[in-house]
Amino acid sequence: MELNSSVAAVVTGGASGLGEATVRALAAKGVKVAIFDMNEQKGEAVAKDVGGVFCKCNVTSEEEVDAAFAKARAAHGQERILVNCAGTGNAFKTASRDKQTGETKHFPLDAFNWIIQINLVGTFRCIAKSAKGMLDLEPIDGERGAIVNTASVAAEDGQMGQAAYSASKGGVVGMTLPIARDLAGDGIRVNTILPGIFETPLMAGAPPQVKEALAASVPFPKRLGQAPEYAQLALTMITNGYFNGEDVRLDGAIRMAPR
């Protein structure tokens, strides 16, 4: 797919971190970008910077996702590109005992479901609705669209406390190939990136010694990933017409320890 001003894109979680970097990379190629995010202040600021449109959106809400796609398409037309970066995490052991009180507890099921709804169901919701719209596009060189999802290395080597997060990201990995196969006949490609430890706003709050230790655990290069590196891979997946049905780690060869 050629990136230019005739192409529209939607990036979920596009107000910050990996999503923001992808928004900026697409806009630098002339693509008309719509930002789906819950952070109105940051989203509007990024949209203003790149000449895009901000659509306030919680991906767990059917109504908000429908409204966001309607707003984006009214501004830019039907998108040919969807990049799913919206997501979050939490940490609870499956079952544990308090060392001081001896009280036992288990992973709160509402907290488990919350992560699944955002990271897995929210991603699928946006894929399904975007792909439905792409079906009405005229193919260019046989192609109607390209979709990039965000999983995590936790999909393959999740740490203690990451049962929900790993399940949600493993689900994104697991559905990539069947969705690619579902959409192949209509010229829509689907791929997923599994980022390792990246320098994002979430990581920015960590103490320097924590970030230094994390960087040292990466085989090479011994640093945290940078958001533009994610965006570079996302653009490769979008522009390379033979890239389809793949799940690719972007992690400096790290394999996460149990904790």
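Just to check I understand the Karplus step: with θ = phi - 60° and J = 6.51 cos²θ - 1.76 cosθ + 1.60, what whole-Hz values come out for region 197-212, glycine and proline as x?
Taking θ as phi minus 60°, the curve returns 8, 10, 7, 10, x, 5, 6, 4, x, 6, x, x, 5, 5, 5, 5 Hz for region 197-212.
Expressed as an acute angle from 0 to 90° and rounded to the nearest 10, what is the orientation of the C-alpha long axis of helix 17-28 relative to the principal long axis of the chain?
Taking the Cα atoms of the chain, the angle to 17-28 is about 20 degrees.
Over region 64-160, calculate the relative contact order: mean separation of alpha carbon pairs under 8 Å at least 6 apart, over the residue count, as a percent.
About 39 percent, as a whole number.
Calculate for the chain the 222 nm mean residue ellipticity that helices alone would give, adding -39,500 (n - 2.57) per DSSP H run of length 4 or more and normalising by residue count, nearest 500 deg cm²/dmol.
Helix-only estimate at 222 nm: -13000 deg cm²/dmol.
Using R₀ = 25 Å, calculate the FRET efficiency as 1/(1 + (r/R₀)^6) where r is the Cβ-Cβ separation of L202 and M160; round to 0.05.
Computed FRET efficiency for L202 and M160 comes out at 0.85.
Straight-line reach from K42: which lysines have a Cα under 17 Å away, not including same-chain ones fewer than 8 places off?
K56
What order do you get for T192, T176, T60 when you list them from fewest to most C-beta neighbours inside 10 Å?
T60, T176, T192
Quick one: Karplus J couplings for region 173-184, per residue in order, coefficients 6.51, -1.76, 1.60, θ = phi - 60°, nearest Hz, x for Gly and Pro?
Once rounded to whole Hz, the list reads 4, x, 8, 4, 5, x, 5, 4, 5, 4, 9, 4.
For the residue pair E64 and S217, what label-to-label distance in nm results when each label sits 7 Å from Cα along the Cα-to-beta-carbon direction?
3.1 nm
Sorted from fewest to most neighbouring beta carbons within 10 Å, what does the list D182, D37, D136 look like?
Final ranking by Cβ density, sparse to dense: D136, D182, D37.
With the cut-off at 35 Å, report for the chain the share of all Cα pairs above it, as a whole percent.
Considering the chain, 15 percent of its Cα-Cα pairs are separated by more than 35 Å.
Express as a percent, rounded to the nearest 5, the fraction of DSSP beta bridges in region 8-250 (both residues included) that run antiparallel.
10 percent
Magnitude of the Cβ-charge dipole of the chain, K/R +1 and D/E -1, about the Cα centre, nearest 20 debye?
540 debye
Taking the Cα centre of each part, how many Å lie between region 1-45 and region 182-259?
18 Å
Rule-based calculations on the coordinates, nothing more; no lab input. Since the structure is predicted, the reported quantities are computational estimates derived from the model, not experimental observations. With ideal geometry, Cβ positions are generated from the backbone for all residues, glycine too; neighbour counts draw on all protein chains shown.
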